[in-house]
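Beneath this line is the structure, given in structure tokens, with notes to follow.
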Amino acid sequence: MLDELKQECIERMKILKLDEHIIEKFIKENTIYLSDIGGELEKVNTNELKYIKQYENSKNVKIYHVIKQKTESKDISIFLYVNSNSKNWENEKRDIKLGYDCAIVYTKEEQIREIGIVNKKGKIARIVI
């Protein structure tokens, strides 16, 4: 199942038109990149990678990209992921083409995790519990 999840991640990364370098690093080395709303791009750090691995193992998902958004009051991490329920994949890919993606939203300050849909601007469109 892990190979299927990774392949689905790659398809979504291509739909999102992520940089080819990011996609290649994910394919060859399982490297996950982080981009912030301001345009900076970097590999996830050790703490973020630890959180990602714990979450993936506990929820049976595969995270393929992280978006950071800083506000005046908190730092928000948006983790784009594929869940193991392949029945929803085609609909989710259609949603991505419409500008919405499945995400885990996390704020360090409040220790809040929400699963939801984010739009292309990184804002929560709706929460799916």
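No value in this document is a laboratory result; all are computed from the given coordinates. Please read these numbers as outputs of a predicted model, since none were measured by experiment. Methodologically, a virtual Cβ is constructed for each residue, glycine included, from the backbone with ideal geometry; neighbour enumeration extends over all protein chains shown.
Miscellaneous remarks
- Residue-by-residue Karplus 3J(HN,Hα) for the stretch 41-55, coefficients 6.51, -1.76, 1.60, Hz, glycine and proline x: 10, 7, 6, 5, 7, 4, 5, 5, 5, 4, 4, 4, 5, 4, 5
- Amide proton proximity set for His65, modelled H, under 5 Å, gap of 5+: Leu80
- Long-range amide H partners of Thr31 with built H, under 5 Å: Phe26
- Prolate/oblate/rounded call for the stretch 1-107, Cα gyration tensor, a/c under 1.5 rounded: rounded
- Model label sites at Lys17 and Glu4, defined 7 Å from Cα along the beta-carbon direction, differ in position by 3.1 nm.
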